[in-house]
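The values are calculated or read from the model by the stated rules, or taken from the named source; none is laboratory data. The shown structure was predicted, so the numbers you read here are calculated from the model rather than taken from an experiment. Neighbour counts are summed over all protein chains in view; Cβ atoms, including those assigned to glycine, are modelled from backbone coordinates with ideal geometry.
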């Protein structure tokens, strides 16, 4: 029996572990059976701040994958243990009961997952189960180094090296595996992971075919207007596939393959594709976690910023979390997060800059809150984004760069369309007042005064960073 351990790769398309295990089974002289397992770890998820909405999406995705695997003759089992520490013994027991000879999985980068996999491999191999770790997490799995044979610390030179390497070493995605037996009758009772909650299934239907269709529609029909529309939160200008990437319902390599196909059909150079660069940022943050494991341990990339004097204000933090800061564009972004489990990328930068620079609250508070609420919460990308905004990270925004919420609002939501959608108490204001309503208007509409004075806050954070130097 061959076992595939599904983790952050809930898909049949371009799933190397699944593909290779099925190929191995079908090549065998004697008919070997195959099964798959997913292990719920609710206590570990709490430690990692996994969002209930993300777990809800993952639950539905597992229901879909169970059906698709069943059509290939592969049963899916759901196991549970509180934390990663319980997985080696749990998997060994399962392997003993099902006479498993080989266990397959796809590599994961963060340090807790690496230590988990190392412990599982050692335990299973001690009990005569051969383990196979496949590469699937990134488009480029090779660790690129600069001319000094050290890891890159700046995105642009890394990106140039990444594209150059990619052009010479294109790793095509795997197709879905062939059947290994007759189709199975699949249990119709729904899979509900512990800690999961409702999610916006109208925005993100949780079937693999829907994820692939969303990707295809974006790349072939909407991507050419991406640069024009991506910063306008009132428009559907981004791919909105991040929840599918975060739960592994589609792979980065499939994204690349579609980009290359679309560019070929449209006469464009895929190496200069704008959206490919955005995918590369995701890759870069995983690259950093692999090269600098301290990022997995709640540490700032720039060690000197650990001495930054943060403010501690439960009231200000709560106002930010609830979308009641008195800065309309910030509040609209936070309310979008709270209501949908997702936030437009421009607003992620605006709200993160507001928390870390203007409220001067530790970036780790924001990182945690985002992970606890994002349906597309991705550890590496979320950590990288927050450290970029806080000027504590690798190739981060300069410490003196401070987003002005008013000018950001005027530039990217000039008529207030997005603000009116998520801050409905301001829906009747004109384009002039909506970005910073007069005090009397605020009182009348019961909308709060600004939680902080922008000019004072800007001078305060500049002074704090200067103290570090």
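Remarks
- The listed residues are 61, 128, 121, 89, and the only one of them that is in a helix (DSSP H, G or I) and more than 28 Å from residue 189 (Cβ to Cβ) turns out to be 121.
- Top-ranked residue of the stretch 397-410 - restricted to ones that are more than 27 Å from the chain's Cα centre (by Cα) and touching a residue at least 12 places away in the same chain (Cβ under 8 Å), ranked as nearest to residue 300 (Cα to Cα): 400
- Single unsatisfied condition, residue 320 versus (1) assigned to a helix (DSSP H, G or I); (2) surrounded by fewer than 24 Cβ atoms within 10 Å (Cβ to Cβ); (3) touching a helix residue (DSSP H, G or I) at 6+ places or on another chain (Cβ under 7 Å): (2)
- Residue in the stretch 335-356 that is without any contact (Cβ under 8 Å) to a residue 24 or more places away in the chain and either in the same structural domain as residue 322 (by TED's automatic domain parsing) or not in a helix (DSSP H, G or I) (or both) present: no
- Failed criterion for residue 185 (all others in (1) under 29 Å from residue 25 (Cβ atoms); (2) touching a helix residue (DSSP H, G or I) at 6+ places or on another chain (Cβ under 9 Å); (3) surrounded by 14 or more Cβ atoms within 10 Å (Cβ to Cβ) hold): (3)
- Taking first residues from the stretch 414-430 that are on the phi > 0 side of the Ramachandran plot and in the same structural domain as residue 328 (by TED's automatic domain parsing) and partners that are in a loop (DSSP other than H, G, I, E, B) and surrounded by fewer than 15 Cβ atoms within 10 Å (Cβ to Cβ), the Cβ contacts under 8 Å between residues at least 6 apart in sequence or on separate chains come to 416/431.
- Residue-level check: of (1) buried (at least 18 other Cβ atoms within 10 Å of the Cβ); (2) modelled with pLDDT under 95, residue 143 misses just (1).
- Scanning the stretch 27-50 for residues that are assigned to a loop (DSSP other than H, G, I, E, B), modelled with pLDDT of 95 or more and surrounded by fewer than 21 Cβ atoms within 10 Å (Cβ to Cβ) gives 48, 49.
- If you go through the stretch 131-147 and keep only what is closer than 18 Å to residue 290 by Cβ and either in a helix (DSSP H, G or I) or over 24 Å from the mean Cα position of the chain (by Cα) (or both), you end up with 145, 146.
- Among residues that are more than 24 Å from the chain's Cα centre (by Cα) and assigned to a helix (DSSP H, G or I), residue 53 is not included.
- Residues of the stretch 161-170 that are surrounded by fewer than 12 Cβ atoms within 10 Å (Cβ to Cβ) and either free of Cβ contacts under 8 Å to residues at least 24 places away in the same chain or within 15 Å of residue 138 (Cβ to Cβ) (or both): 168, 169.
- Matching residues, the stretch 439-469, being assigned to a loop (DSSP other than H, G, I, E, B) and closer than 15 Å to residue 329 by Cα: 447, 448, 449, 450, 451, 452
- Just one residue in the set 253, 200 is in contact (Cβ under 8 Å) with a residue 24 or more places away in the chain, out of contact with any helix residue (DSSP H, G or I) (no Cβ under 7 Å at 6 or more places or on another chain) and either buried (at least 18 other Cβ atoms within 10 Å of the Cβ) or within 24 Å of residue 52 (Cα to Cα) (or both); that residue is 253.
- Lone qualifier among 157, 151, 173 - being free of Cβ contacts under 8 Å to residues at least 24 places away in the same chain and surrounded by 14 or more Cβ atoms within 10 Å (Cβ to Cβ): 157
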